[in-house]
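Below is one structure, written out as C-alpha cells; comments come after it.
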C-alpha cells in the first residue's frame, strides 16, 4: 500500500512538472505581428508558347579600334569615353619630333630640285635654240661639220641633264609625300561619326605601331548579335521581326529586325551569327546582354505571378507565401520570361499557392496577414 502511494505521488509530481514546462514554453513562444490592408493573390498556371531563344550582346553597326602607326609619346589632348565625335576629328596626337624633321628635310630637297630643274631647263632651252640656228647655218654651208657637232652634243647633254634633275625632283617629291603621310600618323582621327567607347592608353604613354589607343562605335541604331543553332536557321530571313528582350532595360520586349545573317557557321558549335537591328530607346548601350526569340516549339504550362509580387533580397528573387495560418514566409524563386504584366516562375513556387500581390517595401516575413477584402 505504501508502495502504491509513493508511485501515485511521484506520478503527480511528474505531471505537475510537465504542465509547468508546457506553460513556460507557451508563455515564451513569440506572437507574430499583424499586418493589415495587404492584398493576396494566387500563383496561376497558364499556357505559354515554348520558344527557342538566342542570347548575345548589343553592339554598334560598326566599331573601329584605332591604333598607333608610328613610335612617339601620346600628347595631352586625348578623347575620353563617352565623347561624341565627328568623322575626321583629331582624337589623339603623337609627339614624334623625328617625323617633323624628316618632313622638313624632304621639303627642302624638293625646293633644291625645283631650282636645279629651272636652271637645267634654261640651259636646255638655250642649247636647243643654238642647235636650231646652227641647223640653218649648216643648210647654208656656213658652218663646219665639227662646229655643228659640238653644238649638237651640248644640246643633247643639256636635255639629258634636264631629264636627270626632273627625275631627282620626282624622287624628292615622293619622299616629301611619304614624310607628309607619316607625319599625318601623328594625328589619330575619327573614321566616322560616333562615340568613344574605350580609351586604352593615357597621355604620356609611349606609342608603338599596332598599339590600340581608342575604340569608336558608329552612331545610329544598335544591333543585338546572337548565335543561332543551325536547326533554327531555316525559319529566319533578313527583314523578319523578332521579339527581343534586354533585361537591363526592365521593360517590355522590343521589336528587332533581322539585318544580316552571316552565311558561314562556326565549325565548333555549328551556329550562325545573326545581327538584329534594334529600335532607338533610352538607356540602350553597346555591350548590354540581350536575348531574342528565334523559333517556336508549341506550348507548355507555366506558373506565373504578378510583377509586383517579386521581392529582391540582395541578388535573390523571392515572394511572400501565405500559409493556412495566415503567416507570411519568404520563398526564394527563380523567374523566367515576362508575359505581359506577369513573370514566369521556373522554380520555387507551385500553381495555387497564395502570395502577397504587392508587398512593396514592407518586411512581411513571419508576420500574420489580415486579408483585405
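The values are calculated or read from the model by the stated rules, or taken from the named source; none is laboratory data. Just so it is clear, the model here is predicted, and its values are computed rather than measured. Note: ideal-geometry Cβ built from the backbone for every residue, glycine included; neighbour counts use all protein chains shown.
For residue 279, the conditions (1) within 27 Å of the chain's Cα centre (by Cα); (2) surrounded by fewer than 17 Cβ atoms within 10 Å (Cβ to Cβ); (3) at pLDDT 90 or above; (4) not in a loop (DSSP other than H, G, I, E, B) all hold with the exception of (4).
With the structure loaded, tell me whether residue 304 is touching a strand residue (DSSP E or B) at 6+ places or on another chain (Cβ under 7 Å), in contact (Cβ under 8 Å) with a residue 60 or more places away in the chain, in a strand (DSSP E or B) and surrounded by 15 or more Cβ atoms within 10 Å (Cβ to Cβ) or whether it fails that test. Yes, satisfied. On the stretch given as the range 68-92, residues that are surrounded by fewer than 20 Cβ atoms within 10 Å (Cβ to Cβ) and either within 30 Å of residue 258 (Cα to Cα) or assigned by TED's automatic domain parsing to the domain that holds residue 179 (or both) total 6. Tell me, please, whether a residue that is at pLDDT below 85, more than 60 Å from the chain's Cα centre (by Cα) and either assigned to a helix (DSSP H, G or I) or closer than 30 Å to residue 60 by Cβ (or both) can be found in the range 112-121. There is at least one residue in the range 112-121 that is at pLDDT below 85, more than 60 Å from the chain's Cα centre (by Cα) and either assigned to a helix (DSSP H, G or I) or closer than 30 Å to residue 60 by Cβ (or both). The single residue among 186, 241 that is loosely packed, with under 13 Cβ neighbours inside 10 Å and either farther than 30 Å from residue 116 by Cβ or in contact (Cβ under 8 Å) with a residue 12 or more places away in the chain (or both) turns out to be 241. For residue 56, the conditions (1) farther than 22 Å from residue 205 by Cβ; (2) surrounded by fewer than 16 Cβ atoms within 10 Å (Cβ to Cβ) all hold with the exception of (2).
Pairs are defined by a Cβ separation below 7 Å, a sequence spacing of at least 6 or placement on different chains, a first member in the range 146-157 that is within 13 Å of residue 133 (Cα to Cα), and a second member that is surrounded by 12 or more Cβ atoms within 10 Å (Cβ to Cβ) and at pLDDT below 85; the pairs so defined are 148/134; 148/138; 151/131; 151/134; 152/131; 155/127; 155/131.
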